[in-house]
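Written out below as structure tokens is the structure these notes cover.
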Amino acid sequence: MAAAYGLYTHIQSNKRRSIALLLGLFLLVYLMVYAGALLAEGLTQDASLDWLARKALQDLIWAAPFATVGTLAWIVIAYFFNQSMIDAVTGGEEVTRKEQPRLYNILENLCISRGITMPRLKVADDEALNAFASGLNEKQYSITVTHGLIEQLDDKELEAVLGHELTHIRNGDVRMLVIAVIIAGVLGFFAELLFRLMFQSGFRFGGGRSSGDSDRGKGGGGIAIVIAIGLVAVAWLLSVVIRFALSRKREYLADAGSVELTKDPDAMISALRKIEGRGEIEGAPSAVMEMCIDNPRTGFSNLFDTHPPVESRIAALVQFAGGHDPGPLDLPGLGETPPPPPVPQTGQEQPAPGPWGSDAPAPPAGPWGPQRPN
């Protein structure tokens, strides 16, 4: 009961966080617009800090409708085209049962066994070993698997990986991550827009009326510029925190969910062992790598890692699911040297090739040595 309670609590928490993140997005956008207004006023006006702050607030009120419309437009674009943009950078292409019968059948069987709506299945032409789920609703959900993963994992391991990604969809983790990516994109867009308007075209907000020249004062421009830069830094840092503060427990829960679906903790463990250190998708931005089953890109002193270490995830599966850890695995063809074939001992006579090749059994030995065939 405790595990189920924790799982459903996580799902409900993700739904509340999704709403909170969207509301927080607008606050961060308004904060960045205010910082841009304060920076512009500090660079162009010689007045006291109090006067510049009030003037920047008037500019924010004037610009707020435009910022709101722009943010809403970005969200709408991201809602309808997020998957197309992800496919463009990863090279993912939707496949059918005819094109990928092995992979398609594994996913379909998993979905049928638990009454889950089957997401779209896509394959990225990349030799990396990775997979990720994406989408914002049931009609958009998809699971993308790299070509390298299909080649290197057996059926049970592939089933474990697909079960992991299905659990992310069921738990609402995918929606959360896509919203976090949207937030980062919106803030990046507004930051670049403000920079271009202020420093390339000489744009001035100028929407609000002056609060009067009698109390303008002087000497506040330098402080206003420092505060504005600080606010921009805070907005950027908060967007980073939002992306990385999404609980890393989601990976532990997805691993556990895969085991619950497949009843095979050893398959999940061996899949993680094969994937570890081999998941770098060429050309994929950090936002996409954060969605993957493993993200080899690490942050400063592991503080900004989006995934717990593979060792910790395997240790949890061993402790709580009864799995067995084979240790790090070498994969021939991915830079590792395959084990050499056994070398026969010196002086050991090798059988001559038979009519069906060298694997034919050697003739039985008689009392005077090997018998010759008739």
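Since every read-out is calculated from the coordinates, none of them should be taken as a lab result. Note that this is a predicted model, so its numbers are computed, not measured. Because the Cβ atoms are built from the backbone with ideal geometry, glycine has one as well, and the counts that use them run over all protein chains shown.
Subtracting the Cα-Cα distance from 0.36 nm times the residue separation, let me have the gained length for N109 to D155 in nm, one decimal.
On the way: separation 46, 0.36 × 46 = 16.56 nm, distance 1.21 nm.
Working it through step by step, the gained length comes to 15.3 nm.
Quick check on packing: order 148-159, 78-89 by the mean number of other C-beta atoms within 10 Å, highest mean leading.
On the way: 148-159: 18.9, 78-89: 15.4.
Put in order of decreasing packing, that is 148-159, 78-89.
Would you work out if the stretch 252-293 is rounded, prolate or oblate? Take a ≥ b ≥ c from the square roots of the eigenvalues of the alpha-carbon gyration tensor; rounded if a/c is under 1.5, else prolate when a/b is larger than b/c, oblate otherwise. Let's see the in-between values first.
Details: a/c = 3.88, a/b = 1.87, b/c = 2.07.
Note, shape of the stretch 252-293 comes out oblate.
Sort E127, E41, E290 so the one with the fewest other Cβ atoms within 10 Å of its own Cβ comes first.
Values: E127 17, E41 25, E290 20.
Ascending Cβ contact count within 10 Å gives the list E127, E290, E41.
Please give, to one decimal in nm, the separation of the simple spin-label points placed at D125 and F189, each 7 Å out from Cα toward the Cβ.
3.0 nm
Among D294, D325, what is the fewest-to-most ranking by other Cβ atoms within 10 Å?
Working: D294 24, D325 16.
If I rank by nearby Cβ atoms, fewest first, I get D325, D294.
Each label point is 7 Å from the Cα along the Cα-to-Cβ direction; what then is the distance between the points at D330 and V240, in nm?
4.0 nm
Roughly how many whole Å is it from the C-alpha centroid of the stretch 112-164 to that of the stretch 168-183?
16 Å
Mark the label point 7 Å from the Cα of K218 along Cα→Cβ and return the residues of the stretch 14-55 whose backbone N is within less than 13 Å of it.
Answer for this model: 46-48.
How would you rank 230-239, 52-61, highest first, on the average number of other Cβ atoms within 10 Å across their residues? Intermediate values should be presented prior to the final figure.
Numbers: 230-239: 16.3, 52-61: 20.5.
The most tightly packed comes first, giving 52-61, 230-239.
In the stretch 255-293, which trypsin sites (Lys or Arg not before Pro) are in a loop and have at most 12 other Cβ atoms within 10 Å, using DSSP for the loop call? Each step should come with its number before you reach the end.
Working: sites: K263, R273, K274, R278; in loops: K263, R278.
In loop regions of the stretch 255-293 (DSSP not H, G, I, E or B), the sparsely surrounded trypsin sites (Lys or Arg not before Pro) are K263.
For the cross-link pairs K249/K274; K139/K274; K122/K263, which exceed 23 Å when the distance is taken from alpha carbon to alpha carbon?
Details: K249/K274 21 Å; K139/K274 31 Å; K122/K263 25 Å.
As for pairs spanning more than 23 Å Cα to Cα, those are K139/K274; K122/K263.
By the gyration tensor of its Cα atoms, with a ≥ b ≥ c the square roots of the eigenvalues, what is the shape of the stretch 98-180: rounded for a/c under 1.5, prolate for a/b over b/c, or oblate?
Details: a/c = 1.80, a/b = 1.29, b/c = 1.40.
Oblate shape, in that a/c is at least 1.5 and b/c is the bigger or equal ratio.
Please arrange E260, E94 by counting, for each residue, the other beta carbons lying within 10 Å of its beta carbon, fewest first.
In order of increasing Cβ crowding within 10 Å: E94, E260.
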